[in-house]
Amino acid sequence: LVDPVSRMTQQLGVVGIDVAIPEAVDPDADVWIERALRAIGYGGGGSVVVLHTSGAWPTERFAEVGERIRSAFGAWLVALDAPKGDRRAKLLAARLGGSVLGVGAPTGARFLAAISRASLVVTDDQGVAHIAGLTHVPVVLVGGAETSLPGDRPDRSIVSAASADRVDSSAVLDAASYLLGRPRTGSLFSR
């Protein structure tokens, strides 16, 4: 088995994932994500929440949490696949309906641009959670009891149960609400 961070390194096509990730965001990919968000009606100022599923947590629960975040916070949702990963984003975007950006099989640069543009990332993939942390984006990691990430950080929350499919949607929503309600300071201007 390949650990989640090494797998994400392979998917992004980089030699190693470290603190240099934020500087690796391509300006053209930044422009692409901003245009894609404008195409679904985003005008700036609102929260952008990235939903990424690797399939460990059911898609219908991601859709439920996404819909509730959109309703409660007026957030703009992005369903995002990992580069070279399984293609679940379009299915998730279809379940959500409305103004949702579904990004299937993005390039590594577009994946990083979408993650770094987000106000919050909700994922069931430790590798994606690690990338979000490197880009200073708050993250909710949904997982089984063995789920863990190195270091204790106030900008991430790990919601786990005996197995990922048993994680309660309301616990994920509570964690997302807490993180979206926290003020973000210098990390917004780190790029």
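Per-structure values
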quantity: Long-range amide H partners of residue 137 with built H, under 5 Å; calculated: none
quantity: Amide H contacts under 5 Å for residue 76, placed H, 5+ residues apart; calculated: 47, 48, 49
quantity: 12 Å beta-carbon shell around residue 162, net charge (K/R +1, D/E -1); calculated: -2
quantity: Qualifying trypsin sites (Lys or Arg not before Pro) in the stretch 33-121, DSSP loop, other Cβ atoms within 10 Å at most 12; calculated: 87
quantity: In sequence order, calculated HN-Hα J values of the stretch 177-182 (Karplus, 6.51, -1.76, 1.60; Hz; x Gly/Pro); calculated: 4, 4, 5, 5, x, 6
quantity: Linear extension gain, residue 40 paired with residue 84, 0.36 nm per residue minus alpha-carbon span; calculated: 13.4 nm
quantity: Prolate/oblate/rounded call for the stretch 52-103, Cα gyration tensor, a/c under 1.5 rounded; calculated: prolate
quantity: At 0.692 mPa s and 37 °C, Stokes D of the stretch 97-175 from Kirkwood alpha-carbon radius, µm² per second; calculated: 246
quantity: Listed residues 178, 42 arranged by accessible area, highest first, probe 1.4 Å; calculated: 178, 42
quantity: Using θ = phi - 60° and Karplus 6.51 cos²θ - 1.76 cosθ + 1.60, couplings along the stretch 140-148 (whole Hz; Gly, Pro as x); calculated: 10, 9, 9, x, x, 4, 7, 5, 7
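The values are calculated or read from the model by the stated rules, or taken from the named source; none is laboratory data. None of these values were measured; they are calculated from a predicted model. Backbone-built Cβ (ideal geometry, glycine too); neighbour counts: all protein chains shown. Just so you know, the surface numbers come from the protein's heavy atoms only, side chains and all, with ligands and any DNA or RNA stripped out. Shrake-Rupley method; radii C 1.70, N 1.55, O 1.52, S 1.80 Å.
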